[in-house]
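Notes follow once the structure below has been shown.
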Amino acid sequence: MEAYKAKKTIGKIIFYIAVAAICLVIIFPLYFVFISSFKNMADVYVMPPKLIGFKPVFAHYEYIFKTQNYGTYIVNSAVVGIFSTLFALVLGLPAAYAINRNGMKNSLLGILVARLLPPMSFLLPFYFIFSELGMVDTYGALILSHMVLSVPLIVWLMEGFIAGIPRELDEAATIDGCTRQRCFGSIILPMCKSGMATSTILSFLGSWNNFQFALILSGPRTRTLPVTLQYFVSGADIRWGRMLAATIVVIIPAIVVTLLLQKNIVSGMTAGAVKG
Amino acid sequence: MNDWISDHYKWVFVAPALIFMVLMIVVPIVMTLAFSLTDWNLLTGRAPSFNGLANYIEILKSPDFWHSFGITFYYTFLAIAMELVAGVLLAVLINKDFRGKGVVKTIILLPYMMAPVAVGMMWMLFYEPTSGFMNWLFTTIGLPRSGFTSARGSVIPSLAFVEFWQMTPMVVIVCMAGLAALPEDCMEAAVVDGATPIQTFFRVKLPMLLPTIFSIGLLRFVDVFKSFDLIYAMTKGGPANASRTLNIYAYEEAFSYYKFGLSSSILTVVFIIVLAISFATMKLKNKVVEV
Amino acid sequence: MKKLLSVLLVVLMAASLVFAGGSKESAGPRIRVLSMTAQISDGILEYLDEFEEESGIKVDLELYGEAELRQKEMTEFMTGNSTVDVYLFSPLQDMAAFSQNGWIEPLDEYLDDPELNWDDFSSAPPKQITIPGTDSIGCLPLYSSVQLMYYRTDVFEKYGLEPPKDYDELIEVCKKINDPANNFYAIACRGERNALTSQYSPFLFAFGGSFIKDGKSNFASEGSYEATKFYGELLGNYAPPGILTAGYSQMTQLFNSGTVGMVIDANALYATLVDPAESAYADKVGVAAIPAGPEGAHSYMQVSWAVAMYPGSKNKEAAWEFMKFVAGSDVAAYITPLGMPSFRNSVWTDERVESAMTPDMVQAYADTYAITTNNEFGLPRMTAVTEARDIMGGAVVYSIETKGQGPELKGMMEEAAAEVDELLKAYDEYGENYNW
């Protein structure tokens, strides 16, 4: 018994070391960027890098907040990200369910095709269509264009997750006189909530970081965060310090929104399942 | 009403998504195809005129195209292989209850939260051959200096590594969702049987996770093959044309050389390749998963 | 089901909010402007409020990085639906394509406007701002690009060196200060295939070479070969290892990190090099005119950015007012000390400029402007210019990779010359038909 316990403890230690090492590889570059955004670029090039205990410089942040309207951009990115994901879920979830249960491979491929097309093929046609409709520089154009990428993502992932839920459940429910839509809403969805949380987060972040569509279809009123990153890469020079500061400013709301999403989706769905 | 929906749920559920997608992509597909059959070139100042398959013949004959074709596959293969192996292992590793799981999950997701443009710029800072962090690290631990993105030989692996660093989180969280959906009893049965963790992984978890791996693998393939933002931000296809993937090639032909006809035909070829491979993968998935 | 319906209702309501277009405000004219970020837009922003107040014109200024700006402009213009009134662009790169497709409004009738004082722009190379095939001016030039040599004053002092005046002295200096063992290299010039062409052109002409001669590629000539070999030797032996992907940003990075002793590149770098927030060596930057080769010094003199009017503009008068402001003396005085010298002759006597610039910088400009050269453009003059740049750039990259000793260089350059000839033929501008 003692030996078993010791073995378990060692296993635990190894596990934590492995997890810590992985986290380090992921976090270090970000930490490097974070501290560098508070340094003069001259100090950034000094190797080995000074990771703590340097005198922070706020000039980069002062400049980017002076020239950029981050409050508006964050709202824009959030509105586009949340609504495109929401609409994509409304369209995508039922589709994924029906496709899986009826083996509709052609419909699946039909929905997926948009994800296969190189984004460049969309730029000219989308600008043309949306400008004809007078929708350039509106949230509508951005949301619709981002949905072109998130609907296939959601359908594709959810089809896989729903496949893991036994069909017998549907059948039992329908024999009991339950409609398909009720069965889908109160049995299937609560059962794949981790899958739903996952596709929601992926879809949201995909929209949050989308650059090409946002560049062509946004304007001064609807400019989103990724477009502003390019602000510091001009023909004449790259201001690294400002660029790094902007990187940090852009990622922080992404972290906050993702955490909120994760928490609310999981708890919201758990609550729904209990009630339903 | 409710009964009618229930009886016809198959199409009621699928139609909105399908109709939306078809509406949104039919114009881009038709326009790209139509342009690809013309000699549209902004420099001539002429309206585009139909020239049949001349663009396709030109690119298929061009060594530049085949070069880009080759490195696109090289890049895609490297990035996806690393992402899938590391992603699955990581998902299995942290798929249990331990203290700090929430924090670890958030940390793992961090790279995915960054815009590819920002990730690219960030890694250019690290890869800078003389004053960058990576070469300092390499020399400190006794490895030879590398040119990273500035040498022909190392540019594709260097870029693929960044793609890997940023996009593995996507594989991890999808696989974790897949694992969460697996029935507990199989795992418990395996543990009771006295199987080692490694045996459990290969005999139980991996086969059961296979459909999920196929799903995410295909999704990653589709995106990596068309990767643009990251490569463009880092090398713009250089040095010389060593990292000019098909998508960058199409972009250059259009926005640098003004040849929108030719560019459209490259895009069409990319689309056909991705479509064919996706189709084949789905067929393969059905075969493997059914067995 | 009820729950599902209520969710749908909320979604629909939100949708109607989201999809509603923006509302119109203010009565005065409103124009939309696409511009590039960096110093020029800092200058515009500095005086924009003043302009809006005085003119009563509301300006929607959209700023993008260089590559994104081009992509945005071309996409909008191609669909014919653009609502742009005024835009910035690089005439060297895009004048031909943009004017061929009718995206550039001829400015002739506007130039008489006394408020503009067009005579003040006499130093602007006329060829670069004229719409090809016509005599019409297509844009107002904003600032010039010339090549300068930056060096570390502390390093030069340590070795008792003067800035090199010719190529022999340049190699001497390189040999003395190059110290790879301590991660310090003598010089950096651009090595990235496409970015290098214009910075390499002064070397090309300094050996008597050129891009095009008598309507044919001159890249295979003896002078061009010597120049390419020299450029390869210089960078292959005395530049840092990463030089092959080095474009403009790596130039500043290398200098600001203290990795190199000299940089030969565009004047636009200057602002970043002397910015204490970007560089630890900001107070150790010397500037001089570039050294001369066997056939003299040949810095290019480019109209690097200019402002043009979109013919589809519904508000051309307001657009012109804004263009006058961008090319006006306030913005000129703002950008000139930052390494983006305006073409206005009057800017050099503007006291805002005189007080902000160091004597060696003014001297370097004066020396450079005194050069007579036929390398005014720094680029091959032809329709398919970017493609030709890439083709020739490939041979230059090979020369750098092989430190100028590559046995295939001659062959590669001949091949590149043949390919450039093909491009000339493809656009019907080969030999006698050459009309640039």
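Bear in mind these aren't lab numbers, they're just calculated from the coordinates by the rules spelled out. Because the structure is a prediction, the values reported are computed rather than measured. When we count neighbours, we look across all protein chains shown, and the Cβ atoms used for this are built from the backbone with ideal geometry, even at glycine.
As a check on your grasp of the helix formula, calculate [θ] at 222 nm for chain C: sum -39500 (n - 2.57) over DSSP H runs of n ≥ 4, divide by the residue count, round to the nearest 500. Present the calculation step by step, with values, prior to reporting the outcome.
Details: 17 runs with 192 residues, N = 436.
Helix contribution divided over all residues of chain C: -13500 deg cm²/dmol.
Spin-label point model (7 Å from Cα, Cβ direction): what's the A:Ala3 to B:Leu137 distance in nm?
Inter-label distance under the simple model: 4.1 nm.
By DSSP, what percent of the beta bridges with both residues in chain C are antiparallel, rounded to the nearest 5?
Working: 24 of 37 bridges.
Taking every DSSP beta bridge within chain C, about 65 percent pair in antiparallel fashion.
With angles folded into 0 to 90 degrees, how steeply does helix C:39-55 sit against the dominant principal axis of chain C? Use alpha carbons for both and round to 10.
30 degrees
For all pairs of alpha-carbon atoms in chain B, what percent lies in each bin of width 5 Å, listed from the first bin to the last filled one?
All Cα pairs, binned at 5 Å, distribute as 1, 5, 9, 11, 13, 14, 13, 12, 9, 7, 4, 2, 1, 0, 0, 0 percent.
What are the extents of the Cα atoms of the range A:76-174 along their three principal axes, listed from largest to smallest and rounded to whole Å?
50, 26, 18
Which FRET efficiency, nearest 0.05, do A:Ile175 and B:Lys287 yield, Cβ-Cβ r, R0 41 Å?
Computed FRET efficiency for A:Ile175 and B:Lys287: 0.80.
Counting only DSSP beta bridges with both residues in the protein assembly as shown, what percent are antiparallel, rounded to the nearest 5?
65 percent
Which one of A:Asn40, A:Tyr16, A:Ala6 has its Cα pushed farthest toward the positive end of the charge dipole of the range A:2-59, where Lys and Arg give +1 and Asp and Glu give -1 at the Cβ?
Most positive-ward Cα: A:Ala6.
If you build the convex hull over the alpha carbons only and average its shadow over all orientations, what do you get for the range A:61-275? Give it in nm² to one decimal.
For the Cα atoms of the range A:61-275, the hull's average projected area reads 14.0 nm².
Measure off 7 Å from each Cα along the Cα-to-Cβ vector at C:Ala356 and B:Phe73, then give the distance between these two points in nanometres to one decimal.
Modelled inter-label distance: 5.6 nm.
For the protein assembly as shown, what mean projected area does the convex hull of the alpha carbons give, in nm²?
On the way: hull surface 174.2 nm².
Averaging across all directions leaves 43.6 nm² for the Cα convex hull.
Placing +1 on the Cβ of each Lys and Arg and -1 on the Cβ of each Asp and Glu in chain C, which of C:Ala186, C:Met149, C:Tyr430 has its Cα farthest towards the positive end of the resulting dipole?
The one lying farthest along the dipole's positive direction is C:Ala186.
Where the convex hull is taken over the Cα atoms of the range A:2-59, what is its projected area averaged over directions, in nm²?
It is 5.4 nm².
What average number of partner chain Cβ atoms lie no more than 10 Å from the Cβ of the residues making up C:71-82? Kindly include the intermediate steps, with their values, before the conclusion.
On the way: counts 8, 6, 0, 7, 10, 6, 1, 8, 10, 2, 8, 3.
If you average over the peptide's residues, the count of other-chain Cβ atoms is 6.
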